[in-house]
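Each remark here refers to the structure printed beneath this line.
The values are calculated or read from the model by the stated rules, or taken from the named source; none is laboratory data. Keep in mind the model is a prediction, meaning the values are calculated, not measured. Glycine gets a Cβ as well: all are built from the backbone with ideal geometry, and neighbour counts include every protein chain shown.
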Amino acid sequence: MYLIWAEYLSDATPLRKVVEDSVVELLKYINIAVGDDVVASLRRVRDISSGLGAEVMDAILRNIEVGRSEGRPVCQDTGLVVVKVVIGDEFPLKLGELRSSIIKGITRATEEVPLRPNAIDSITGMNTGSNVGEKAPWIVVEPTEGDVLELGIMVKGGGSEAACRALAVPPVRGLRAAANLVVDVIAEYSFNTCPPLFVGVGLGGTVATAAEIAYEALFRPVGVRHWSREIAEFEEYLLELLNKLDVGPGGLGGGPTVIDVHIETAAHHPASMGVAVAVNCWALRRGKVRIYPDGTTEFFKYSLGGGVWIRW
Amino acid sequence: MRKYFLRTPLREDDVRRLRVGDKVYLSGRLFTLRDRGARKLIELLSSGGRPLVDLEGAAVYHAGPLARRCGGSWEVISAGPTTSTRMERYDPELIACGVKAIIGKGRLLEGTRKACRKHGATYMIYPGGCGALAAKSIKRVVSAHWLELGIPEAIWVLEVEDFGPLYVAIDSEGRDLYLEREESVSKAREKVLEELRSRSYS
């Protein structure tokens, strides 16, 4: 009898279940609470806004309060779920098991948070009802050394997603092309993308690489610059440039258009270079968790300019 | 900026009093409309079918709520606006059929502007992404139609109380807030691109 009970206990929290639960918790947290860095930066935006822009910021901050106090997702568009996995080669789960645990987590979160079912089958046009479908979630896997799993989840809403772009340019025009692309995208589409915005830029690699790293850039805490000084300065330059467009909160002027610009870089081919821009609305919803082989977890608590890993 | 509290069904003379930039809180009923649900309703109207909802003095909300079944009815958890630009092409017909207010977010074009002027209607924006706040002023789901299209694209008839803040973006005089904003942004864009051209890159 004791043996059966012990087996049940050890069976109750296998790593697969830890992954599944972490996915549910992350989706709950990012949809309802948003990151502390994002909320702090929105408060700063409110402080320097005026007129209709300030009115929109007041509504956004009230909305976040309601979301947090009543446990409601801040936006009804709980996005398409994007998953980034950095997996140590000694982490004891196989990739297939990991995938099915992530899918279980998303299915459960759809019921428990709840999330709006946002996965539409591209062949039949039917809503799958579960946020899971063909190649959804899209899981990006980056192998590394060690025995830790780092699970990043972002929910990407459709409004700002509609403004995202990726293309290939001659490398000699790389930075200039990136700057032009970002300015064009923000100037043309930002009325529809729920500004103030967060902008991720991917520079280098193929078009596919550039797009992936542009999304990855959005995982970086607000206010943290690229590790290389040259790119860090370019991020600040772009931020300043984009705010001269004066789109403003809700597109109504009277305040900042873009809160932060993050660039990620990758090596490129001598003849071509990917450039991508990932536009995100004010509701930047992403989070990270680390899972250790013994089942303990750490959650990345974002703050302006940084963040810390805390036991969960 | 003036502030108004209006109730549906909306009366033309009330709507004609609204000006771009005014703030409105709406009570009564509104129905959601987006993508396939919108297309289906328009197809129904043009084939002479009876619409599911009364369009006279109605307020259309471009939104796809996050809702969950709660016993025999539905609970709306979060319900901010979706981008109205995608449904712009249906606005003139809806407004001609009696709709007095289009609610959503983002840029609309000439078709809506003309229809608003002709029939005394308005386009109002709700701050994008504020789904939790919006849901608080939704008192009840009156009915849900075409759920086979999925929760976001179904048509939801909602009872609301002081739903807002809504900001008038197109008024019945044909003024368009975003058109004016767009002119200023495109001027700024020229300057920014000029600055980019003059910068040297390593």
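Applying the condition of being among the polar types (S, T, N, Q) and under 17 Å from A:G250 (Cβ atoms) to region A:50-77 and asking which residue is surrounded by the fewest Cβ atoms within 10 Å (Cβ to Cβ) yields A:S50. Pairs meeting the criteria (first residue in region A:66-82 and more than 15 Å from B:T82 (Cα to Cα) and free of Cβ contacts under 8 Å to residues at least 40 places away in the same chain, second residue in a loop (DSSP other than H, G, I, E, B) and of a type outside the set (V, I, T), beta carbons under 8 Å, at least 6 apart or on different chains) are A:V66/A:R72; A:G67/A:A33; A:G67/A:P73; A:R68/A:A33.
Checked against (1) at positive phi; (2) hydrophobic (A, V, I, L, M, F, W, C); (3) without any contact (Cβ under 8 Å) to a residue 40 or more places away in the chain, A:V132 passes all but a single condition, namely (1). Restricting attention to region B:136-169, the residues that are in contact (Cβ under 8 Å) with a residue 12 or more places away in the chain, at the interface with chain A (Cβ under 9 Å from one of its Cβ atoms) and of a type in the set (D, E, K, R) add up to 1.
Only residues that are away from chain B (no Cβ under 14 Å) and either surrounded by fewer than 24 Cβ atoms within 10 Å (Cβ to Cβ) or assigned to a loop (DSSP other than H, G, I, E, B) (or both) were counted in region A:266-290, giving 10.
Among the residues of region B:37-65, count how many are in contact with an Asp or Glu (Cβ under 8 Å, 6 or more places away or on another chain), crowded, with 18+ Cβ neighbours inside 10 Å and not in a loop (DSSP other than H, G, I, E, B). Residues flagged as in contact with an Asp or Glu (Cβ under 8 Å, 6 or more places away or on another chain), crowded, with 18+ Cβ neighbours inside 10 Å and not in a loop (DSSP other than H, G, I, E, B) within region B:37-65 amount to 2.
Just need a number here: residues in region A:49-59 that are more than 18 Å from B:V168 (Cα to Cα) and part of a helix (DSSP H, G or I).
Of region A:49-59, the ones more than 18 Å from B:V168 (Cα to Cα) are A:49.
Restricting the remaining residues to those that are part of a helix (DSSP H, G or I) gives none.
Final tally of qualifying residues: 0.
Please work out if A:G205 is at pLDDT below 95, outside the structural domain of A:R290 (by TED's automatic domain parsing) and among the small types (G, A, S). Reasoning before the result, please.
Numbers: at pLDDT below 95: no; outside the structural domain of A:R290 (by TED's automatic domain parsing): yes; among the small types (G, A, S): yes.
It is false that A:G205 is at pLDDT below 95, outside the structural domain of A:R290 (by TED's automatic domain parsing) and among the small types (G, A, S).
For region A:164-191, filtering for residues that are within 19 Å of the chain's Cα centre (by Cα) and surrounded by 22 or more Cβ atoms within 10 Å (Cβ to Cβ) leaves 3. Of all residues in region A:93-131, those satisfying the criterion of being away from every other protein chain (no Cβ under 14 Å), crowded, with 17+ Cβ neighbours inside 10 Å and not basic (K, R) are A:L93, A:L98, A:S101, A:I102, A:I103, A:G105, A:I106, A:T107.
If I go through region A:236-265 residue by residue, how many of them are among the aliphatic types (A, V, I, L, M), more than 9 Å from chain B (Cβ to nearest Cβ) and either part of a strand (DSSP E or B) or under 13 Å from A:S49 (Cα atoms) (or both)?
Step one: filter region A:236-265 for residues among the aliphatic types (A, V, I, L, M), giving A:238-239, A:241-242, A:245, A:247, A:252, A:258-259, A:261, A:263.
Subset that is more than 9 Å from chain B (Cβ to nearest Cβ): A:238-239, A:258-259, A:261, A:263.
Checking the rest, the ones that are also either part of a strand (DSSP E or B) or under 13 Å from A:S49 (Cα atoms) (or both) come to A:258-259, A:261, A:263.
Residues flagged as among the aliphatic types (A, V, I, L, M), more than 9 Å from chain B (Cβ to nearest Cβ) and either part of a strand (DSSP E or B) or under 13 Å from A:S49 (Cα atoms) (or both) within region A:236-265 amount to 4.
Could you tell me whether any residue of region B:104-113 is more than 9 Å from chain A (Cβ to nearest Cβ), surrounded by fewer than 23 Cβ atoms within 10 Å (Cβ to Cβ) and touching a residue at least 60 places away in the same chain (Cβ under 8 Å)? Give the steps one after another, and end with the answer.
Applying the first criterion (more than 9 Å from chain A (Cβ to nearest Cβ)) to region B:104-113 yields B:104, B:108-113.
This time we only want the ones that are surrounded by fewer than 23 Cβ atoms within 10 Å (Cβ to Cβ), so: B:109-111, B:113.
Among the residues that remain, those that are also touching a residue at least 60 places away in the same chain (Cβ under 8 Å) are: B:113.
Yes, region B:104-113 contains at least one residue that is more than 9 Å from chain A (Cβ to nearest Cβ), surrounded by fewer than 23 Cβ atoms within 10 Å (Cβ to Cβ) and touching a residue at least 60 places away in the same chain (Cβ under 8 Å).
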